[in-house]
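The structure appears right after this line, and notes come after that.
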Amino acid sequence: MKIDFEEKYHSLEERHWWFLGRRDAILKLTKLIFRQRKDIRILEIGCSGGPLLKALLANDYLNVYGIDISKKAIQTCRSKNIKTLALMDGSNTGFREKSFDLIIASDVLEHIEDDYSAVKEWNRILKPNGYVICFVPAFRFLWSKHDEDNKHYRRYTISDLNEVFKSNNFAIIKSSYWNFGLFVPVFCLRLCLRLPFFPSKKYQLHETKEFWNKIFTKILIMENRIISKGLTLPLGVSVFTIAQKNVET
């Protein structure tokens, strides 16, 4: 992503409703998979400034690692006293085979030109029966300048995302769209932003007033509870999948 956008991203990811809601979703999904186990080896690919790593550690997960391709991201993590880090390409890691029980890739895969090769690498470093929790932006028709600022290659449908994992020896355990409650407003905004006379800010990611930040966070947390009960949302601004590495024969 652009340097000035990355700085803005790091400044907001601790408190912005989008990031708060997504971290809550990932924590709930991790608990859904592993129940009360805290000894699992977790790798976050694209750890950014480290808020999810901090949240995992605060929830007593004992073996948490983060990698990012950005030097600025790694420096930001280290400034927060997060130590198990590496400057590394998520599509070509230096880890040994069968190293992790869980890989978390949250808004990462869309940044990688060859997403199939990246998921193949994730399969390699997962233990047999290991899992991936992967979040990506949904629907090509939601493409906007925000995707360009983030240097995205694509947006996904559920079937698009699941196909990438199925093609790399994964079974799909659960998948759903995410951020259903704000889908219509975001869709309308993206349509308006295509009009030449519609005013727009330099970046769509920006500080939200405290009242609305709390409201939007509560909406997402409510959705996360619904998803963690086994339900699937029909639409959303994002899409996620839980994929499990097939048992090797």
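Structural remarks
- Neighbourhood net charge (11 Å Cβ-Cβ; Lys/Arg +1, Asp/Glu -1) for residue 21: +2
- Computed label-point distance, nm, for sites residue 89 and residue 31 using a 7 Å Cα→Cβ extension: 3.8 nm
- Cross-link table 38/120; 127/166; 31/218, entries beyond 24 Å C-alpha to C-alpha: 38/120
- Computed over segment 64-163, the percent of Cα pairs more than 21 Å apart is 39.
- q = 0.14, 0.15, 0.16 Å⁻¹, the chain: log10 I(q)/I(0) [Debye, one scatterer per Cα]: -0.94, -1.10, -1.28
- Net length available on complete extension from residue 169 to residue 192 is 4.2 nm, with 0.36 nm assigned per residue and the Cα-Cα distance removed.
- Partners for residue 83 among aspartates and glutamates (Cα-Cα distance below 16 Å; same-chain residues under 8 apart left out): 44, 60, 68
- Apportionment of accessible area to carbon and sulfur, the chain, percent (1.4 Å): 56 percent
- Between helix 210-228 and the chain: long-axis angle, C-alpha atoms, 0 to 90°, nearest 10: 40 degrees
- Taking a Cβ cut-off of under 13 Å around residue 114, the surrounding Lys, Arg, Asp and Glu residues balance to a net charge of -3, with basic ones at +1 and acidic ones at -1.
- Separation in nanometres of the label points that stand 7 Å from Cα toward Cβ, at residue 211 and residue 151: 3.9 nm
The values are calculated or read from the model by the stated rules, or taken from the named source; none is laboratory data. Quick caveat: nothing in here was measured; it's all calculated off a predicted structure. Every residue, glycine among them, receives a Cβ derived from its backbone with ideal geometry; neighbour counts consider all protein chains shown. Accessible surface areas use protein heavy atoms only, side chains included; no ligands, DNA or RNA. Shrake-Rupley method; radii C 1.70, N 1.55, O 1.52, S 1.80 Å.
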